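A.B. asks: Dropping the structure in here first, questions after.
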Amino acid sequence: MPTVRQTTYDILRQHGLTTLFANPGSTEIPFLTAMPDDFRFILGLHEGPVVGLATGWAIGRDQPALVNLHTTAGLGNAVGALATARVNRAPLVVVVGQQDRRHLAQEPFLAGRLRGLAGEYPVWTDEPVRAQDVPAAVARAVHEARAGRGPALVIVPSDDWSATMDGVAELAAAATVRPGTAVDSSAVREITALLDQARSPALVAGAGADSAEGWATLVELAERLGAPVWQEAFSARAGFPQDHPLFAGHLPPARSRLRQTLAGHDAVLAVGAPAFRQYLYEPGPLVEPGTRLALVTDDFAEAFRSPVEVAVCGPIAPACRLLASAVRRRPMPTTPLRTVTPPSPPSEGQPMRAAQVFAALAARLPRDAVVVEESPSSRPALQELVPARQPMGFVSAAMGGLGFGLPAALGIRMARPDRPVVAVLGDGASLCGIQALWSAAHYRIGALLLVMANGRYAVMDSLAERAGGKVPWPPFTEIDFVGLARSMGCPALRVHDYAHLVELFDETLPTLADRPDPLLLEIPVLPEPY
C-alpha cells in the first residue's frame, strides 16, 4: 500500500506544487528526506523570508505556492509573513510539522499548540484526525488557498508520513474546482444607474484589478465615462495603467485629504479595492455628504466592510466590461489629468534625496519591470515618479509589516524570469528579511535590490516629531549593507554619489531581464519627512 507521504506527493504533483519553500526542522525530516527528484527545495534561512519568497512566487504565477514550516518555532516566526500573504491575497499551501502523534498527549519537546498560533490570518486550518486524512487535507488546502486567496494550513504529526493508506477508498477532496467566471448583467444594473445619474463620476482602482484583463476593462470603463481614476491608498498592486491620461494619482490615506481629493465628484466607484483604506485615524466622514459610493470586488469581506450604497461581488473584469457597455458615454478630457516634474539632480558633492534616485530610475526602467516596494518613508515619491505601466508593474506589502519586499521580489523573479524585477527597500525594512540575500545568491535570482539607506526609521521619527516627543530609539548608521550582502554571497556595491548612481543604472537596467545573479546597491539618501 502507498504511504501517506507518497500519496501526498502525488497530490502536490497533480496540482503543480513541485517547488517547496522551507527552513527545515526535525519534525519535517520524515516528509522532506529523499524528496522526489521532480520536486525542487528552496531554502530560506528564516521563516519570514521563506514565506516572503513563496508569496512572491504565488503572486508571480497567480497560483498557490507550497510552504513547509517547523512546528511552533517555524510557524511562530512566520506569522507576520502569513498575515502579509493573506492581506496581499497570495494563495499558499502551508504544511506545518508537529511532534509524533503517538506521544502528543505528554506534550513532548517541540510539541506545538498550532491551530490558533497564526490567529485568523489563515483562510483555513486543518489538523487531520487520522494520518490517512492528510493527503485529502492537503488537496483541500489547495482549493481553500485558491478560493480564499491566502494561506491554508495543514498540521501534520511527524509519524503520519510513514503510515500506509490501507483502507482508504477515496480522498475526500475534489480533484478540480472550476470557479465562476461571469457576472449577470442584472448584478451591475444599480451601479450603472448610479453612474449615469452622476454629474461627475470618478473611479478608484485597487489591487484586485491588477491583471491584463482587469486593466483592459477598467480602461474601457474609465474612457467611456471620461472619469478620473485614482489608485487606492497603500495598495498592494496597481489596478490601472499609471501612465494613462485619466490616471489622477494616489488617494491619500487620511479622511480630511480624501474628502478634498474626491470633493468634486458626486459618485465614486471603487474597483478591486475597499472604500476606502485609511492609516492614522481622523474624525469626520470619508467623503462629502451627497457623494454616492459603489464597489465592484471579488472579495466578500472587502464588500462587507465598505460603507457603500451598493457592492457587486464577482469576477472584476467581466463586471467592468458589462458596466462599460451599459453606462452612457461621456466626453474624454482633452489634457492629461496630472503632470509629473522630476526633481533636479543634486549639485556635485550634495547628498541625494530619494526622489532624485527615483527620477533616475524612472528614466531608465524597462517598461515591463516589476517594482517591489518596501520603503515607507519614500513611497510617496516612488509612486509619484515611477508609474506602473503594465500589470504586476508594482507590488507592495498591503499589511504594512516589514520584511516582505526583499524575499517577495526574489520570489516574483523566480516565478517570472521573463520580467525584470527591481526591489526598492528601506534599510530598516530590508533588515527584517535580510536572510533572503543568501537565497538570492545561492539560487542565482537575478533581481536588482536597491537599499535606500538613511540609517534610521524615518517614518517613526517623523510621527514622533509630529506628536511633539523625543524618540527613545537611536539611528543605526553603522550597518554595512554591502558587507552583509557579501557575507551571504550576494554581489553588492555602495553608491558613492549621483554620478555613480547614474552610471550603475545605465549599466544594469537595460539588461535587467537577462541578469543571471542578484545585485544589491546600497544608496545613501537623506531622511524624508513623512
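A.B. asks: Which of the peptides 61-67, 400-406 is most tightly packed, and how do the rest follow, judged by the mean count of other Cβ atoms within 10 Å per residue?
C.D. replies: The packing order, highest mean first, is 400-406, 61-67.
A.B. asks: Let me ask something additional. Show me 191-203, 335-347, 500-512 ranked by packing, highest mean number of other Cβ atoms within 10 Å first.
C.D. replies: 191-203, 500-512, 335-347
A.B. asks: How about segment 397-474: which trypsin sites (Lys or Arg not before Pro) there are in a DSSP loop, with at most 13 other Cβ atoms within 10 Å of their Cβ?
C.D. replies: Arg444, Lys470
A.B. asks: What spacing in nm lies between the two simple spin-label points modelled at Gln197 and Arg305, each 7 Å away from Cα in the Cβ direction?
C.D. replies: For Gln197 paired with Arg305, the spin-label model returns 2.9 nm.
A.B. asks: Would you mind getting the Kirkwood hydrodynamic radius of segment 254-390 from its Cα pairs, rounded to one decimal in Å?
C.D. replies: Averaging 1/r across every pair of different Cα atoms and inverting gives 18.3 Å.
A.B. asks: Additional query: Using the Karplus curve 6.51 cos²θ - 1.76 cosθ + 1.60 with θ = phi - 60°, what ³J(HN,Hα) values do you get for each residue of segment 236-250, in whole Hz, with x for Gly and Pro?
C.D. replies: With the stated coefficients, segment 236-250 comes to 6, 9, 8, x, 7, x, 8, 9, 7, x, 8, 6, 9, x, 9 Hz.
A.B. asks: Skipping prolines and chain starts, which residues have an amide H placed within reach, meaning under 5 Å, of the one on Leu69, given they are 5 or more residues away or on another chain?
C.D. replies: Here Val95, Val96, Gly97 satisfy the definition.
A.B. asks: While we're on this one: Run through the DSSP bridge list for the chain and note the antiparallel percent, rounded to the nearest 5.
C.D. replies: Antiparallel bridges: around 5 percent, rounded to the nearest 5.
A.B. asks: Next up: Could you pull out every residue, at least 5 positions away or on a different chain, whose amide H is within less than 5 Å of the one on His250? Hs are placed 1.01 Å off N in the peptide plane, and Pro or chain starts have none.
C.D. replies: Amide H neighbours of His250: Gln231.
A.B. asks: Per residue of segment 417-426, in order, report the coupling 6.51 cos²θ - 1.76 cosθ + 1.60 (Karplus, θ = phi - 60°) as ³J(HN,Hα) in whole Hz, putting x for Gly and Pro.
C.D. replies: Going residue by residue, I get x, 7, 10, x, 10, 10, 9, 10, 10, x Hz, with x marking Gly and Pro.
A.B. asks: Something else now. Output ³J(HN,Hα) for segment 379-386: one whole-Hz value per residue in order, computed from phi by the Karplus curve 6.51 cos²θ - 1.76 cosθ + 1.60 with θ = phi - 60°, and x for Gly and Pro.
C.D. replies: 4, x, 5, 4, 5, 5, 9, 10
A.B. asks: Could you point to the residue in Ala141, His103, Leu114 farthest towards the positive end of segment 42-189's charge dipole, with +1 and -1 charges on the Cβ of Lys/Arg and Asp/Glu respectively?
C.D. replies: Positive-most Cα among the choices belongs to Ala141.
A.B. asks: Let me ask another. Return Met392, Met332, Met414, Met352 ranked ascending by Cβ neighbour count within 10 Å, so the fewest neighbours appear first.
C.D. replies: Ordered from fewest to most neighbouring Cβ atoms within 10 Å, Met392, Met332, Met414, Met352 come out as Met332, Met352, Met392, Met414.
A.B. asks: Count neighbours as other Cβ atoms within 10 Å of each site's Cβ, and list the GluC sites (Glu not before Pro) in segment 109-188 that are DSSP loop with at most 10 such neighbours.
C.D. replies: The qualifying sites are Glu120, Glu170.
A.B. asks: Under the 0.36 nm per residue contour assumption, what length would be gained going from the current alpha-carbon distance of Thr334 and Tyr279 to full extension?
C.D. replies: Full extension of this stretch gives 16.4 nm more.
A.B. asks: Once fully extended, how much extra length lies between Thr164 and Ser186, figured as 0.36 nm per residue of separation less the alpha-carbon to alpha-carbon distance?
C.D. replies: Working it through step by step, the gained length comes to 2.7 nm.
A.B. asks: Report, largest value first, the span of the C-alpha coordinates of segment 22-129 along each principal axis, in whole Å.
C.D. replies: Each principal axis gives a Cα extent; for segment 22-129 these are 42, 35, 26 Å.
A.B. asks: Another question about this same structure. Nearest 500 deg cm²/dmol is fine: what mean residue ellipticity at 222 nm does the chain get from its DSSP H runs of n ≥ 4 alone, each adding -39,500 (n - 2.57), divided by its residue count?
C.D. replies: -9500 deg cm²/dmol
A.B. asks: Around His250, with a cut-off of 9 angstrom between Cβ atoms, what is the net charge of the other residues, counting Lys and Arg +1 and Asp and Glu -1?
C.D. replies: That sum, taken over residues with Cβ under 9 Å, equals -2.
A.B. asks: Want the number for Tyr530 to Asp418: 0.36 nm per residue separation, take away the alpha-carbon distance, what's left?
C.D. replies: Residue separation times 0.36 nm, minus the Cα-Cα distance, leaves 36.8 nm.
A.B. asks: Additional query: Would you mind telling me the antiparallel percentage of the DSSP bridges in segment 442-530, rounded to 5?
C.D. replies: The antiparallel fraction comes to roughly 0 percent.
A.B. asks: Can you list residues from other chains, or at least 5 along the same chain, whose modelled amide H is less than 5 Å from the amide H of Leu92?
C.D. replies: Residues meeting the amide H criterion: Ala65, Gly150, Ala152.
Throughout, read-outs are computed from the coordinates displayed, never taken from laboratory work. What you are looking at is a predicted structure, and each value in this text was computed from that prediction instead of being measured. Note that we place each Cβ from the backbone using ideal geometry, even for glycine, and neighbour counts take in every protein chain shown.
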